[in-house]
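The values are calculated or read from the model by the stated rules, or taken from the named source; none is laboratory data. If you're wondering where the values come from, they're calculated on a predicted model, not measured in any experiment. Here Cβ is always computed from backbone atoms with ideal geometry, including for glycine, and neighbour counts include all displayed protein chains. Note: areas computed on protein heavy atoms with side chains; ligands, DNA, RNA excluded. Shrake-Rupley method; radii C 1.70, N 1.55, O 1.52, S 1.80 Å.
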Amino acid sequence: MAHSTTLSVRGYHLDVYGHVNNARYLEFLEEARWRFFAEKGVIKEITGESLGMVVVNININYRRAALIHEELKITTELTRVGNKSFIIRQVILLATTEDVIADTDGTYVLFDNKLGKSVVIEGEYRDLLDLLIT
């Protein structure tokens, strides 16, 4: 089952056209990912001084504009773990109707901050991520 995060659209989220700016959706998605990993109890294992989670590819499909005072529900689920990357599926919905606002399948890696490169997902990290697949 996908994790769910609810956010409210505020005035500072809007652009000059009166809807949520396209770049702001990345922040919404990031907030939902942090909450997903925190509520699953694994945030310290995959983000910290020595290891981090890094976006290597994200493409967003914009389906409908989000407007001021709307409540958004963001679903987040880990769908695949490979040898060096994993896929997180996220969907931003209008909370009241479940209309899709935007969706994405992002690719992420675990990044060794000291070595400056991604790491193979194996051992305890593989076990940890495998438990989160829906």
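Given points 7 Å out from each Cα along the Cα-Cβ axis, report the residue 80 to residue 113 separation in nanometres with one decimal.
3.0
Could you identify which residue out of 52, 106, 11 has the top mean-square fluctuation in a GNM of the chain using Cα springs shorter than 10 Å?
Of 52, 106, 11, the Gaussian network model singles out 11 as fluctuating most.
Given a 1.4 angstrom probe, I'd like the percentage of the accessible area of region 71-126 that is carbon and sulfur, rounded to a whole number.
47
Counting other Cβ atoms within 10 Å, which GluC sites (Glu not before Pro) in region 45-130 have at most 11 and lie in a DSSP loop?
49, 98, 122
Which lysines does residue 114 reach when only Cα atoms under 23 Å apart count, and residues fewer than 8 places away in its own chain are ignored?
In chain and number order, the partners are 44, 84.
Given Cβ point charges of +1 (Lys, Arg) and -1 (Asp, Glu) and nothing else, what value in debye, to the nearest 20, does the dipole of region 29-134 about its Cα centre take?
Result for region 29-134 is approximately 260 debye, rounded to the nearest 20.
Evaluate the chain: find the radius of gyration of its Cα atoms, find its Kirkwood radius, and give the ratio Rg to Rh.
That ratio equals 1.00.
Can you list the HN-Hα couplings for region 40-48, worked out from phi with the Karplus curve (6.51, -1.76, 1.60; θ = phi - 60°), rounded to whole Hz and with x for Gly and Pro?
Result, ordered by residue: 7, x, 10, 4, 6, 6, 10, 9, x Hz.
Considering only protein heavy atoms and a probe of 1.4 Å, how much of the accessible area of region 1-42 is carbon and sulfur, as a whole percent?
Result for region 1-42: 51 percent of the exposed heavy-atom area is carbon or sulfur.
What net charge do the residues around residue 123 carry, taking every other residue with its C-beta under 14 Å from that of residue 123, with Lys and Arg at +1 and Asp and Glu at -1?
With Lys, Arg at +1 and Asp, Glu at -1, the neighbours total -4.
If you average the sequence gap of Cα pairs under 8 Å that are 6 or more apart and divide by the length of region 53-134, what percent do you get for the contact order?
Value for region 53-134: 34 percent.
Mean-square fluctuation check for the chain, GNM, Cα pairs under 10 Å: which of 65, 23, 102 is largest?
23
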